[in-house]
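Chemist: Would you mind keeping the following structure in view while I ask a few things?
The values are calculated or read from the model by the stated rules, or taken from the named source; none is laboratory data. Not measured: the values here are computed from a predicted model. FYI the Cβ positions are ideal-geometry reconstructions off the backbone, even for glycines, and counts take in every protein chain you see.
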Amino acid sequence: MPISESDPRVFFAAERTLLAWLRTGLTLMGFGFVIARFGLFLRVMSLQVTAPSHGPWSAVLGVAMVTVGAGVILFASQQHGRYIETLAASDLPPRYARGFAIVTSLIVGLLGLVLAIYLGLTSF
């Protein structure tokens, strides 16, 4: 199949890559949240049963994973924006909201950082 001079598939491939990184970051953030809250669950259980107290390692690991997930999303958004700027106008689809994926990713990344701060303040 011959490819014409105008090929918006290049842009859509880049957008799919951004969305894949967004899913990866959300997965890391979700897993980090579960780890941080599982440590809190273990502490509550240790108050009910005579068991040794667990250290703050799950909270530290959970906050770190949420922070890494948010960082992945923010970095991927920045990289996507840089790449889109290098594309020729013929590779960009007309009348398509090209900034929507970037703005959404930036918001999710910033909310991930807020979640990491919240977990850090409430888990220790």
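Chemist: Which residue out of R82, R98, R43 is modelled with pLDDT under 95, basic (K, R) and closer than 29 Å to S6 by Cα?
Modeler: R98
Chemist: Those residues that are touching a residue at least 40 places away in the same chain (Cβ under 8 Å) and charged (D, E, K, R), I need them from the range 57-95; list them, please.
Modeler: Residue satisfying the conditions is D91 alone.
Chemist: Ok, one more. When the residues of the range 83-106 are filtered to those that are within 18 Å of the chain's Cα centre (by Cα) and surrounded by fewer than 14 Cβ atoms within 10 Å (Cβ to Cβ), which remaining residue is farthest from G30 (Cα to Cα)?
Modeler: G99
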